[in-house]
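Chemist: Sharing a structure with you now.
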């Protein structure tokens, strides 16, 4: 048995997972968890990346036997490194207000259709390419968050391929940074180095890291699938080749794995994107504002002094009237931190629906709305690819939300298989294990190990589709306006 450390950084927390690799499976155990949050300083949102680094070191002290370390995180955000090799400033958060203006200015130079055709990436305000056009700090290098942590661990600067693909700067045709786009947008490609293949062994931990954590000097740092969704998808235990996935956490990433991208005008209009997966696959997916609405509601209730237990809240929400009120989770008003329950009430009032007055009614509204959004995304996916979806795998934290999984099965009218809930950490560890030769190469061996490591829970659809069709129709006037 070999132990690996999977460092998984999310928008609200980070953790270090101990991954014990057996002959046929990987067993995961949480070694440490630490908070993460964006910090508002004079109207700008930053990540406390030094706090994250401290949490990572504390976590690695709990797994001193680890033979290797891999880091994954959310996409698009980056840290700037000066010529002396040190951090220039705290990384800006993708939710920072500067990004919308930067996107608008960039699209004046290169149209959305041209960007999508060249990179396959849906133009979103938070894309790295737009952030870089707004960047004013002087630096020698820009490293995406997991690459930044990997650099601090190993001393090696890398630009791992799955995460790099999300920047909006990688050319679909060449698989490399697009000098043409960078030139037209005024982005300095000198900030970016050669793309690093997924699964590259970067080298051993730095002596100071070994001394601070108790890790052996021989502990390797691996450029795993460093985009958290790429890692999660690498661990999906597919039932068959016609299955789709929903990587469900702060965001719901709804998609399929393909050999080729889809860059039609219809795909652009429908909000889909093409990100690189492990083994050269394309993750054709759409971002839906997932459990963010529920987590922000919980934060708001806590600020009001309400003691809301999540398990009890979901149990009460399960007894609430179904589809009484629904919202569009992707409406711009829900994008920023703040009073989410108040915004949900306002949306329902504006659309002539009953206004949720209690936490349970609000939670039911959120979960019904997410299931409806999953239904819409899967229908669009089938139309755009021309390929039917037989079943849907929900992985990530949302797999533990039994009510959401059942509602999604009901909304889709097809089975939902839930789990693994730790898909991101499992995918991170699976890629590491393959890099070290502990698991045979290729997607088949990885999927077999994923199936042995986690057995999904199955939810069969219940009830007719008509109520979901009717609920979707209630949202159309709001989308048009």
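Chemist: With label points built 7 Å along Cα→Cβ from the Cα atoms of residue 22 and residue 476, find their separation and express it in nm.
Modeler: The answer from the label model is 5.3 nm.
Chemist: Tell me the volume per residue, in Å³, of the convex hull enclosing the alpha carbons of the stretch 268-344. Each step should come with its number before you reach the end.
Modeler: On the way: hull volume 11.7 nm³, N = 77.
Residue-normalised Cα hull volume stands at 152 Å³.
Chemist: Can you sort 103, 62 by how many other beta carbons sit within 10 Å, fewest first?
Modeler: In increasing order of surrounding Cβ atoms, one gets 62, 103.
Chemist: Given the -39500 (n - 2.57) contribution per DSSP H run of 4+ residues, what per-residue ellipticity at 222 nm results for the chain, rounded to the nearest 500 deg cm²/dmol?
Modeler: -11500 deg cm²/dmol
Chemist: When the scattering of the stretch 291-412 is computed by the Debye formula from its Cα atoms alone, each counted once and equally, what is log10 I(q)/I(0) at q = 0.20 Å⁻¹?
Modeler: -1.16
Chemist: Residue separation times 0.36 nm, minus the C-alpha to C-alpha distance between residue 48 and residue 212: what's the value? Working shown, then result.
Modeler: Numbers: separation 164, 0.36 × 164 = 59.04 nm, distance 2.02 nm.
Here the answer is 57.0 nm.
Chemist: Further, regarding this structure: For 84, 410, 279, 24, what's the fewest-to-most ordering of other Cβ within 10 Å of each Cβ? Write out the running numbers ahead of the final one.
Modeler: Values: 84 7, 410 24, 279 17, 24 11.
Fewest-to-most Cβ neighbours within 10 Å comes out as 84, 24, 279, 410.
Chemist: Test of understanding: ordering 218, 226, 178 by Cβ neighbours within 10 Å, fewest first, what list do you get?
Modeler: Listed from fewest to most nearby Cβ atoms, that is 218, 178, 226.
Chemist: Place a label point 7 angstrom from the Cα of residue 173 along the Cα-to-Cβ direction, then list the residues of the stretch 106-136 whose backbone nitrogen is under 15 Å away.
Modeler: Under cut-off, by backbone N: 114-120.
Chemist: Averaged over every viewing direction, what's the projected area of the C-alpha convex hull for the stretch 347-416? Give it in nm², one decimal, please.
Modeler: 5.7
Chemist: Multiply the residue separation of residue 108 and residue 29 by 0.36 nm, subtract the distance between their alpha-carbon atoms, and state the gained length in nm to one decimal. Write down the numbers at each step before the final one.
Modeler: Numbers: separation 79, 0.36 × 79 = 28.44 nm, distance 4.85 nm.
Extra length from residue 108 to residue 29 when fully extended: 23.6 nm.
Chemist: What's the angle, to the nearest 10 degrees (0 to 90), between helix 49-60's Cα axis and the longest principal axis of the chain?
Modeler: Computed tilt is about 80 degrees.
Chemist: Now a separate question. With angles folded into 0 to 90 degrees, how steeply does helix 466-480 sit against the dominant principal axis of the chain? Use alpha carbons for both and round to 10.
Modeler: So the helix axis and the longest Cα principal axis differ by about 70 degrees.
Chemist: Work out the FRET efficiency for residue 400 and residue 138 from their Cβ-Cβ distance, taking R0 = 56 Å, and round it to the nearest 0.05.
Modeler: 0.80
Chemist: What is the distance, in nm, between label points placed 7 Å from the Cα along the Cα-to-Cβ direction at residue 40 and at residue 447?
Modeler: In this crude spin-label approximation the distance works out to 4.6 nm.
Chemist: Can you tell me what share of the DSSP beta bridges in the chain is antiparallel? A percent to the nearest 5 is fine.
Modeler: Working: 52 of 71 bridges.
Taking every DSSP beta bridge with both residues in the chain, the antiparallel ones total about 75 percent.
Chemist: P(r) tail for the stretch 12-138, what percent of Cα pairs lie past 21 Å?
Modeler: The proportion of pairs with Cα distances above 21 Å equals 55 percent.
Chemist: Using the alpha-carbon atoms, what tilt in degrees (0 to 90, nearest 10) does helix 98-109 show relative to the longest principal axis of the chain?
Modeler: Helix 98-109 sits at roughly 90 degrees to that axis.
Chemist: Follow-up question, since we're still on this one. I want to check the label-to-label distance for residue 117 and residue 458. Put each point 7 Å from Cα in the C-beta direction and report it in nm to one decimal.
Modeler: 4.6
Chemist: Would you kindly state how much longer the chain becomes between residue 188 and residue 242 on full extension, computed as 0.36 nm times their sequence separation minus their alpha carbon distance, in nm to one decimal? The partial results should precede the final answer.
Modeler: Details: separation 54, 0.36 × 54 = 19.44 nm, distance 4.11 nm.
Extra length available between residue 188 and residue 242 comes to 15.3 nm.
Chemist: Further question on the same structure: Given the Cα atoms of the stretch 2-226, and with Rh set as the inverse mean 1/r over their pairs in the Kirkwood sense, what is Rg to Rh to two decimals?
Modeler: That ratio equals 0.98.
Quick note: the coordinates plus some simple rules give every number you see, no bench work behind them. For clarity, every value in this text was computed on a predicted model and none was experimentally measured. No Cβ is skipped: glycine too gets one built from the backbone with ideal geometry, and neighbour counts run over all protein chains shown.
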